[in-house]
Amino acid sequence: MDIQQQIAAMTLGSPSLERPTSFSKEDFDSTPAFENKEIAFYQMKGLVFRTWLKAALEEASKMLN
């Protein structure tokens with residue numbers, strides 16, 4: 001039996017959302033499905049790609065510990 005490996009979600013922390021958002025729009029012709037001042041979500045063929053402000057991602061990670 002072959003096991004198919006998949007990633008359903010990927011998160012990227014960035015000092016600014018401007019650069020990854022413009023990269024997604026220009027290179028992938030993808031606009032966010034949702035965005036606010038701290039995060040942008042993209043739906044890409046079964047993958048949810050999230051870009052977070054690095055400081056907000058670090059703060060959210062602290063809440064999990």
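Read the figures in this text as sums done on the coordinates, not as results from a lab. Note that the structure is predicted; figures quoted are calculated from it, not measured. Quick reminder, even Gly has a Cβ in these numbers, built from the backbone with ideal geometry, and neighbours come from all protein chains shown.
For the chain, the tally of Lys pairs with Cα-Cα distances below 21 Å comes to 6, considering only residues 8 or more apart or on different chains. Three principal axis extents describe the C-alpha atoms of the chain; from largest down they are 43, 36, 16 Å. The chymotrypsin sites (Phe, Trp or Tyr not before Pro) of the chain include none that DSSP puts in a loop with a beta carbon having at most 14 other beta carbons within 10 Å.
Per residue, the chain reaches -10000 deg cm²/dmol at 222 nm when only DSSP H runs of four or more residues are counted, each adding -39500 (n - 2.57). For the chain, the Cβ-based charge dipole about the Cα centre amounts to some 120 debye (Lys, Arg positive; Asp, Glu negative; other atoms uncharged).
Close amide H contacts of THR11 (hydrogens built in the peptide plane, cut-off under 5 Å, sequence separation of 5 or more or a different chain): ARG50. Contact order, relative form, for the chain: 37 percent (alpha carbon pairs under 8 Å, 6 or more residues apart, mean separation divided by residue count).
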